[in-house]
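Here's the structure, in structure tokens; my notes come after.
Every number here is computed from the coordinates shown, using simple stated rules; none is lab data. What you are looking at is a predicted structure, and each value in this text was computed from that prediction instead of being measured. Using ideal geometry, Cβ is built from the backbone for each residue, glycine included, and neighbour counts are taken over all protein chains shown.
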Amino acid sequence: MLLLIPTLIGLTLIVFTISHVGGSQRLVGSYINIHSTVPVAVQEQQLAVRFHLNDPLYVQYFYWLGAFLQGNWGYTKTSIYSGAVLDAITLFFPNTLVLAVLASILTAIIGIPLGVWSSVRKDSLFDQATRVISFAGYSIPLYWLALLLIIAFSTSDVCSCLNIFPISGTVSVSLVSGFNWYINGISYPTHVLVIDSLIHGRPDVFADALMHLVLPVATLTYGVMASVLRVMRSSMQDTLNQDYIRTARAKGLDEKTVINVHARRNALIPVFTLLGYTIAGLLGGVVLVEEVFNYLGIGYWSTQAILNGDIGGIMGATIIFGLSFIFANLAVDIAYGFLDPRIRH
Amino acid sequence: MGLRETLGRKGMTTSLLSRLQQYRLTLRILLESPSSTVGLAIVLAYFAIAAIDYTYPSLIGVQNAYSLIPDFTNPVPSPPIWPMHPFGTTFPGVDLYQAVMSAIRVDLWYSLLVVVAGALIGTIVGVVAAYTGGYVDDALMRFTDIFLSIPYLPFAIAVAFVLGRALDNISLALVIVWWPLYARYSYGQALSVKENVYIEAAKASGVGSGGIMLRHIIPNVLTPMFVQVSLDLGTVVQVFAALTFVGFASGNPLLPELGTLISNGFQYAVAAPWVVLFPGLAILIFAIGMNLLGDGLRDALDPRGRT
């Protein structure tokens, strides 16, 4: 908790420093609004005054921080969106959030039970299979896995019977063309298609959007699940060797109660410690998965920004990824307190 | 003076001998486990490929180890044919086998650079913070924590973007992203090493702080760091290739590099799956080998695991 404020300041310092590598052109570049009627040269002069570019760096930092806190994060210009960075984030972040949240939920409801079962049936065929699956998840490049899934499940390369899911995007374009709530690949009002389609009463669009989510979420889940599975398995094994488990068994509790009530909750603690790293992996994975599936989210936006040399997009994406990571970790810390009452005291 | 020198040298040789014996023991334990043997074999094979590609590329059938050879008369990927194109060709008419072999060298080199530089910086920061303590400790470790508070892939993207799209800059970006992990790790190790009696003895006999860190703490931190580096190398190869895949090497599409190869073949992936299959497999197999070896090393170097 206490670390939150210095970390937030540190994040802004890092982003500010990045924007100042080799002079202040990048900072100025990210605040040039090409849609404004004011000529670029005049805008540059205004920015030089506004950010006090002739003053020392630390002074500039505070003026930049001021603009940042007032919600002025500069402008982005990519092929998918051109305008204020903060607007781009409100448009793209919900889509990314959907991917990340679905993948986290699936990781929890698949990874944790698999880890528990695999340690309970240690060295069985099931355990061996789980270990191989988790090990492969560590080693596989996510974007490559995504491509393999596309080849297997979106084309007839392997078998025409497997050609089930759409190749890329968030929805079949023909289905939504002409809708007044779906413009330039972005749906309104929540910008999350699976929710917006229901708001507007279109179950067919909802089903289509859901089909588009399957492969990206599957890729992301697999990439993140590996570490959860591994830690859950080893932590469950350690827990099952504890004295209080022997006591529970000795007093005649059935195995189900021992595992579900006595062991699992304690075994979850190391998994929780790992969650911070898992979230980092998730946010990194999102970039690659969105890129491969042409899925309109923050990750896709940031890769578009690289290709277009768009500094505003890169800075905005770095900040939003950093903020998500910091606050997700905060949530984990708070949840930790509920899971392990010793920490609260 | 003479006596002291001989004593010093004698101490050195015996310690070197005992260290060599320890390495032999580690290797024996490592080879007892089939999975780490496989890992070691894979890793050695990759390093052998890289070395041959660097010295005598023609030995493994590579014509030009530093640039892909395009064939603009047949730019569209063609399927694998033995023995002409064992992995097929990729866009623009490049023989995929030669490309992958040279790319292994390039990726290994840059990734090694990243982990070694990262481990070096991280070890120094971690050891200095742990040994000095107080304000220095707080300042250095909070600084480290702040770097750790940004997910590494987006952060590396931002740094690499600012430095410019070139492989050297990607490696530099990855070092900037990676050293904090090693700083945290070596910090933890150094904190426990610091409590040993021999550190107190060194202090009592008048060795300065720098000497203690250099001669007594860092050597004892190096072994666990080495395991960590070997566990990370597989990941760094992946992240490096991921960055080039995302578009950081687009300045030179003829550079043999695994991520660039996948990215070049990206638009043909559906019609010609081999263009992404083989470069990806090259990354996957190396990562598996490195992880197997890293796990084995961790078990072998952990004295508690020894019987």
With 17 Å as the cut-off, how large is the P(r) tail for the stretch A:280-343, expressed as percent of Cα-Cα pairs? 49 percent
Provide the descending list of Cα extents for the protein assembly as shown along its principal axes, expressed in whole angstroms. 87, 69, 65
Under the Kirkwood approximation applied to all pairs of distinct alpha-carbon atoms, what is the hydrodynamic radius of the stretch B:114-235 in Å? 15.1 Å
Dimensionless Rg ratio for the stretch A:3-66, taking C-alpha atoms and the 2.2 N^0.38 Å reference: 1.21
So what's Rg/Rh here for the stretch A:184-318, counting alpha carbon atoms and using the Kirkwood radius for Rh? 1.18
Expressed as a percent, the portion of alpha-carbon pairs in chain B spaced more than 32 Å apart is 40 percent
Where in the stretch A:246-345 are there trypsin sites (Lys or Arg not before Pro) that are in a DSSP coil and have at most 15 other Cβ atoms within 10 angstrom of their Cβ? A:Lys251
Could you give the C-alpha radius of gyration of the stretch B:1-151 expressed as a fraction of 2.2 N^0.38 Å, taking N as the number of residues it contains? 1.64
Using a basic spin-label model with each label point 7 Å from the Cα along Cα→Cβ, how many nm lie between A:Ser79 and B:Trp109? 3.2 nm
Chymotrypsin sites (Phe, Trp or Tyr not before Pro) restricted to DSSP loop in the stretch B:72-141 with at most 13 other C-beta within 10 Å: B:Phe72
Could you tell me the ratio Rg/Rh of the stretch B:79-150? Both radii from Cα atoms, Rh via Kirkwood. 1.40
Let me spell out the model: positive unit charges on the Cβ of Lys and Arg, negative unit charges on the Cβ of Asp and Glu, origin at the Cα centre of chain A. What dipole size does that give, in debye rounded to 20? 980 debye
Please work out the Cα center distance from the stretch A:132-209 to the stretch B:135-178, rounded to the nearest Å. 33 Å
Report, to two decimal places, the Cα Rg of the stretch A:112-242 normalised by 2.2 N^0.38 Å (N = number of residues). 1.39
Using only the alpha carbons, work out the radius of gyration and Dmax of the stretch B:188-307 in angstrom. 21.9, 72
C-alpha long axis of helix B:167-194 to longest principal axis of chain B, angle in °: 30 degrees
If you bin the C-alpha pair distances of the stretch A:1-116 every 5 Å from 0, what whole percents do you get? 2, 9, 15, 17, 16, 13, 9, 7, 5, 4, 2, 1, 0
If the chain between B:Leu59 and B:Phe226 were fully stretched, how many nm would it gain, using 0.36 nm times the residue separation less the Cα-Cα distance? 57.0 nm
Taking Cα atoms, how many degrees apart are the long axis of helix B:134-148 and the longest axis of chain B, rounded to 10 and kept between 0 and 90? 10 degrees
Any lysines with Cα under 24 Å of the A:Lys122 Cα? List them, leaving off those in the same chain fewer than 8 positions away. A:Lys251, A:Lys256
The ratio Rg/Rh over the Cα atoms of the stretch B:25-97, Rh being the Kirkwood inverse mean 1/r radius, stands at 1.18
Which of the listed residues, B:Ala50, A:Val116, A:Leu102, is farthest toward the dipole's positive end in the protein assembly as shown, when Lys, Arg count +1 and Asp, Glu count -1 at the beta-carbon? A:Val116
Once normalised by the length of the stretch A:186-334, the mean sequence separation of its alpha carbon contacts under 8 Å that are 6 or more apart gives a contact order in percent of 19 percent
Report the FRET efficiency, 1/(1 + (r/R0)^6), for A:Asn54 and A:Val21, where r is their Cβ-Cβ distance and R0 is 25 Å, rounded to 0.05. 0.85
Cα-projected label distance for A:Leu198 with B:Ala139, points at 7 Å along beta-carbon direction, nm: 5.4 nm
Fewest first, what order do B:Leu261, B:Leu172, A:Leu283, A:Leu193 take by the number of other Cβ atoms within 10 Å? B:Leu172, A:Leu283, A:Leu193, B:Leu261
Pairs of alpha carbons in chain A whose separation is greater than 35 Å (percent): 37 percent
Among all the lysines, which ones have a C-alpha under 25 Å from B:Lys203's C-alpha, if same-chain residues fewer than 8 places away are not counted? B:Lys10, B:Lys194
DSSP loop (so not H, G, I, E, B), at most 12 other Cβ within 10 Å: list which chymotrypsin sites (Phe, Trp or Tyr not before Pro) in the stretch A:120-190 pass both filters. none
